[in-house]
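Presented below is the structure to which this report refers.
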Amino acid sequence: MTDKMYPPAADFAANAHADKASYEKMYAESLADPDAFWGEQGKRIDWMKPYTKVKNTSFEPGNIDIRWYEDGTMNVAANCIDRHLAERGDQTAIIWEADSPDTPARHISYKELHDNTCRMANVLKDLGVKKGHRVILYLPMIPEAAYAMLACARLGAVHSIVFAGFSPDALANRINDCDARVVITADEAPRGGRVTALKSNTDAALLHCKDSVKMLVVKHTGGQTTWTQDRDYDYNALAAEVSADCPAEEMNAEDPLFILYTSGSTGKPKGVVHSSGGYLVYAAMTHQYTFDYHDGDVFWCTADVGWVTGHSYIVYGPLANGATTLMFEGVPTYPDASRFWQVCEKHKVNQFYTAPTAIRALMAYGEDFVTKCDLSDIKVLGTVGEPINPEAWNWYNDVVGKGTKPIVDTWWQTETGGHLMTPLPGATATKPGSCTLPFFGITPVMLDATSGEEITTTEAEGVLCMRDSWPGQMRTVYGDHERFEKTYFSDYKGYYFTGDGARRDSDGYYWITGRVDDVINVSGHRMGTAEVESALVAHAKVAEAAVVGYPHDIKGQGIYAYVTLMNGVDPTDELRKELEKWVRTEIGPIAKPDLIQWAPGLPKTRSGKIMRRILRKIAEDDFGALGDTSTLAEPAVVDDLIANRMNRS
Ligand code: 6R9
């Protein structure tokens with residue numbers, strides 16, 4: 001880690017929404033009087049009935065209760081569309097760039113966004129969708145994904161997006177968990193020149209769901225699909241018949257806007273529930289300040305709408321601010337490693353926001369792919385999803401930014417709704433690898449992992465918690481408030497526990513050291529080890545499995561699986577391939593183990609608990625210091641695992 005500092009350029013700071021002095025002043029105000037601060041910030045969106053209360057939150061054990069603007073009413077879609085129509089009806093709201101560079105880009109104005117969203121809403125209404133109902137979106141990165149999100153918001157229905165890379169089983173679990181009435185999908189999803197058959201995946205998923213679930217299918221590639229009468233509906237045909245007007249429901253600030261399933265350390269993925277009012281205020285404010293967004297800027301976040309980053313920084317934050325947001329269907333390396341930069345040049349992108357894993361992958365192809373493009377319109381570069389190693393940061397800074405563009409390393413989570421710790425480009429001197437300082441209203445604390453005591457010295461290392469709430473915080477786990485409390489508020493009472501470890505340096509800057517729970521971060525995507533394990537043991541030939549992360553050059557972390565086979569089953573390379581394929585179908589390609597080691601036995605305590613600490617060390621090829629192994633039931637299994645480890649350097 002290097003501690004070289006990169007201060008904001010004076011001319012940038014002079015025109016930015018925040019410079020160092022105003023950041024410090026506003027930050028102090030936000031902590032001194034949250035009601036006054038957020039009361040003022042709440043005005044950045046339009047309310048149907050203004051709120052009189054601002055903050056009403058409790059992290060108290062047994063009473064976890066988070067409310068913001070609780071007596072105000074509003075509508076998210078009206079804020080992202082209707083209120084812009086008078087001033088910027090003809091301005092482009094969404095630029096859509098297809099997977100293939102040969103497909104012409106589309107420019108959707110705010111007026112067109114209004115009409116298309118209303119049509120989608122009217123089609124959903126005709127299918128019986130009402131306020132409070134859940135709708136699943138399983139879509140490619142096409143404008144219809146944004147229409148569908150906003151259409152649900154307009155009706156007060158709660159959307160839950162399932163990433164198009166997830167398998168039919170994963171889709172079915174989510175449909176069932178939230179009891180969705182409708183699944184919106186498309187015929188096919190092209191990505192990197194290949195297509196995923198979304199409609200047929202959805203057909204497979206619905207075999208495991210209630211008969212009453214309906215499917216609304218967007219025609220995208222025109223690929224062939226099979227049709228089930230009275231269950232499947234043709235979006236394009238229906239949209240042509242309905243009105244392009246649909247009133248926006250009056251929603252309470254605390255009504256849920258969406259559910260997004262995310263991996264945890266135990267059990268099945270949790271449905272993270274976000275609110276309408278507080279979430280939108282927070283997404284809009286962070287989008288404006290973190291990226292120093294100004295009117296007229298073209299903003300590009302390369303995430304998929306299937307992840308929270310796509311929710312907050314492709315759709316809700318930018319559109320609430322009346323921005324032009326770019327939506328890209330493809331991948332960074334198709335047709336070649338220049339694609340990101342060609343798209344930046346073509347659409348004159350002003351803020352570019354991507355993941356360290358993409359930067360690392362592109363670094364490997366060399367500088368020419370970047371330098372041949374004109375990136376002079378870029379003003380701010382951002383990263384999200386995982387710690388960025390200084391090498392990648394330096395490449396991003398030197399090669400992409402030519403040393404002149406501020407980099408914002410934004411730390412946040414599905415649960416937080418928006419950025420919690422990030423530099424502000426005109427205010428914060430950056431250090432490669434550090435997410436620097438808290439956003440307004442955010443109160444990070446470092447706790448001692450064992451005692452749970454707050455470490456009050458500036459320099460500290462421990463678990464990262466938040467002392468107080470912010471408007472974008474998740475409100476509950478769908479259908480399981482107890483799990484919400486147990487996951488986030490029970491290990492360290494009185495705090496929100498992030499699941500991350502961190503270090504605070506002598507300047508008070510934060511450095512995320514990674515998850516302290518059994519969650520691994522593969523290419524910026526969260527994967528619960530328990531999920532991969534249960535997929536593996538669901539295979540008839542597998543007796544037991546333990547999954548850990550290990551350092552991976554491109555992905556950040558790779559998935560390392562220790563597998564114990566049923567008695568008499570031969571550990572062959574074919575079986576290894578079969579298991580990889582099995583996990584892909586059970587969960588999705590992102591969960592495929594990178595390494596599978598046959599383990600005759602797993603290291604367990606006498607009470608039968610798998611000692612993951614040891615498995616992690618072996619997977620990291622760092623077994624010199626295994627620590628205390630005296631509680632192992634059978635110490636000899638460790639020697640076997642070391643001798644046969646897969647990740648030798
Ligand atoms: C937005 C998002 C959250 C986890 C989080 C942390 C890791 C995200 C990071 C980062 C270091 C950053 N993470 N951003 N670690 N620096 N800038 O990624 O949400 O998918 O829920 O993942 O990702 O470990 O706890 P999500």
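The values are calculated or read from the model by the stated rules, or taken from the named source; none is laboratory data. Owing to the predicted nature of the structure, the values given are computational and were not obtained by experimental measurement. Positions of Cβ are backbone-derived with ideal geometry, glycine not excepted, and every protein chain shown enters the neighbour counts.
For region 63-76, which residues satisfy the criterion of being part of a loop (DSSP other than H, G, I, E, B) and either within 26 Å of the chain's Cα centre (by Cα) or not small (Gly, Ala, Ser) (or both)? Steps first, answer last, please.
Taking region 63-76 and keeping what is part of a loop (DSSP other than H, G, I, E, B), we get 69-72, 75.
Answer for region 63-76, where residues must be part of a loop (DSSP other than H, G, I, E, B) and either within 26 Å of the chain's Cα centre (by Cα) or not small (Gly, Ala, Ser) (or both): Tyr69, Glu70, Asp71, Asn75.
Restricting attention to strands (runs of 3 or more DSSP E) lying wholly within region 85-172, give those where 3 or more residues are crowded, with 24+ Cβ neighbours inside 10 Å and modelled with pLDDT of 95 or more.
Values: elements: 92-97, 106-109, 134-138, 158-161.
So the answer is 134-138, 158-161.
Out of Ala449, Ala429, which single residue is more than 28 Å from Gly62 (Cβ to Cβ), among the aliphatic types (A, V, I, L, M) and either away from the ligand (no atom under 12 Å from the Cβ) or surrounded by fewer than 18 Cβ atoms within 10 Å (Cβ to Cβ) (or both)? Outline the logic, then answer.
Details: Ala449 fails: more than 28 Å from Gly62 (Cβ to Cβ).
Matching residue, one of Ala449, Ala429: Ala429.
Pick from region 363-393 the residues that are more than 16 Å from the ligand (Cβ to nearest atom) and farther than 28 Å from Gly296 by Cβ: which of them is nearest to the chain's Cα centre (by Cα)?
First pass over region 363-393, keeping only residues more than 16 Å from the ligand (Cβ to nearest atom): 363-379.
Keeping just the survivors that are farther than 28 Å from Gly296 by Cβ gives 363-369.
Numbers: Met363: 23, Ala364: 25, Tyr365: 26, Gly366: 28, Glu367: 28, Asp368: 30, Phe369: 27 Å.
So, considering only residues that are more than 16 Å from the ligand (Cβ to nearest atom) and farther than 28 Å from Gly296 by Cβ, the one nearest to the chain's Cα centre (by Cα) is Met363.
Counting only residues that are of a type in the set (Phe, Trp, Tyr), give me the helices (runs of 4 or more DSSP H) lying completely in region 263-361 with at least 1 of them.
Values: elements: 277-290, 317-320, 339-347.
The helices (runs of 4 or more DSSP H) meeting that bar are 277-290, 339-347.
Which condition from (1) β-branched (Val, Ile, Thr); (2) within 30 Å of Pro256 (Cα to Cα); (3) within 15 Å of the ligand (Cβ to nearest atom) is the one that Thr513 breaks?
With (1) β-branched (Val, Ile, Thr); (2) within 30 Å of Pro256 (Cα to Cα); (3) within 15 Å of the ligand (Cβ to nearest atom) applied to Thr513, the lone miss is (2).
Considering region 394-426 alone, what residues qualify as being among the polar types (S, T, N, Q), away from the ligand (no atom under 13 Å from the Cβ) and either assigned to a strand (DSSP E or B) or without any contact (Cβ under 8 Å) to a residue 60 or more places away in the chain (or both)?
Filtering region 394-426 for residues among the polar types (S, T, N, Q) gives 394, 397, 404, 410, 413-414, 416, 422.
Subsequent filtering for residues that are away from the ligand (no atom under 13 Å from the Cβ) retains 394, 397, 404.
Passing the criteria: only Asn394.
Hey, does region 473-487 have a residue that's within 12 Å of the ligand (Cβ to nearest atom), assigned to a loop (DSSP other than H, G, I, E, B), modelled with pLDDT under 95 and surrounded by 17 or more Cβ atoms within 10 Å (Cβ to Cβ)?
Taking region 473-487 and keeping what is within 12 Å of the ligand (Cβ to nearest atom), we get 474.
Of the ones still in play, those that are also assigned to a loop (DSSP other than H, G, I, E, B) are 474.
Next, from what is left, pick out any that are modelled with pLDDT under 95: none.
Checked against the condition, which is being within 12 Å of the ligand (Cβ to nearest atom), assigned to a loop (DSSP other than H, G, I, E, B), modelled with pLDDT under 95 and surrounded by 17 or more Cβ atoms within 10 Å (Cβ to Cβ), region 473-487 yields no hits at all.
Within region 46-62, is even one residue in a strand (DSSP E or B), β-branched (Val, Ile, Thr), within 30 Å of Ser200 (Cβ to Cβ) and at pLDDT 95 or above? Steps first, please.
Looking only at region 46-62, we keep the residues that are in a strand (DSSP E or B), and these are 49, 55-60.
Add one more test, that the residue is β-branched (Val, Ile, Thr), and what stays is 57.
Add one more test, that the residue is within 30 Å of Ser200 (Cβ to Cβ), and what stays is none.
No; the residues of region 46-62 include none that is in a strand (DSSP E or B), β-branched (Val, Ile, Thr), within 30 Å of Ser200 (Cβ to Cβ) and at pLDDT 95 or above.
Within region 453-504, how many residues turn out to be of a type outside the set (D, E, K, R) and in contact with a Leu (Cβ under 6 Å, 6 or more places away or on another chain)? Quick ask: steps written out before the conclusion?
Within region 453-504, the subset of a type outside the set (D, E, K, R) is 455-458, 460, 462-466, 469-474, 476-479, 481, 484, 487-490, 492, 494-499, 501-502.
Checking which are in contact with a Leu (Cβ under 6 Å, 6 or more places away or on another chain) leaves us with 462-463, 465, 492, 498, 502.
Total meeting the criteria: 6.
Out of region 125-147, which residues are in contact with a helix residue (DSSP H, G or I) (Cβ under 6 Å, 6 or more places away or on another chain) and under 22 Å from Arg83 (Cβ atoms)?
Passing the criteria: Ala146, Tyr147.
Quick check on region 239-251. Is at least one of its residues surrounded by fewer than 21 Cβ atoms within 10 Å (Cβ to Cβ) and either within 16 Å of the ligand (Cβ to nearest atom) or over 23 Å from Ala121 (Cα atoms) (or both)?
No; the residues of region 239-251 include none that is surrounded by fewer than 21 Cβ atoms within 10 Å (Cβ to Cβ) and either within 16 Å of the ligand (Cβ to nearest atom) or over 23 Å from Ala121 (Cα atoms) (or both).
Give the residues of region 604-649 that are assigned to a loop (DSSP other than H, G, I, E, B), modelled with pLDDT of 90 or more and either closer than 13 Å to Ala546 by Cβ or of a type in the set (S, T, N, Q) (or both), sorted by residue number.
Listed by number, the list holds a single entry, Asn644.
Would you confirm, using the coordinates I've provided, whether Gln351 is away from the ligand (no atom under 13 Å from the Cβ) and touching a Gly at 6+ places or on another chain (Cβ under 9 Å)?
When the stated conditions are applied, Gln351 passes them.
Are any residues in region 473-488 touching a strand residue (DSSP E or B) at 6+ places or on another chain (Cβ under 8 Å) and over 26 Å from Met285 (Cα atoms), and if so, which ones? Please lay out each step first, then the result.
At the first step, the residues of region 473-488 found to be touching a strand residue (DSSP E or B) at 6+ places or on another chain (Cβ under 8 Å) are 473-481, 483-485, 487-488.
Result: Gly479, Asp480, His481, Arg483, Glu485, Thr487.
So which of Ala337, Ala358 ends up being under 25 Å from Glu391 (Cβ atoms), more than 16 Å from the ligand (Cβ to nearest atom) and surrounded by fewer than 23 Cβ atoms within 10 Å (Cβ to Cβ)?
Every option except Ala337 fails the conditions.
Out of everything in region 432-446 that is away from the ligand (no atom under 14 Å from the Cβ) and of a type outside the set (A, V, I, L, M, F, W, C), what residue ends up being surrounded by the fewest Cβ atoms within 10 Å (Cβ to Cβ)?
Top of the filtered list is Thr443.
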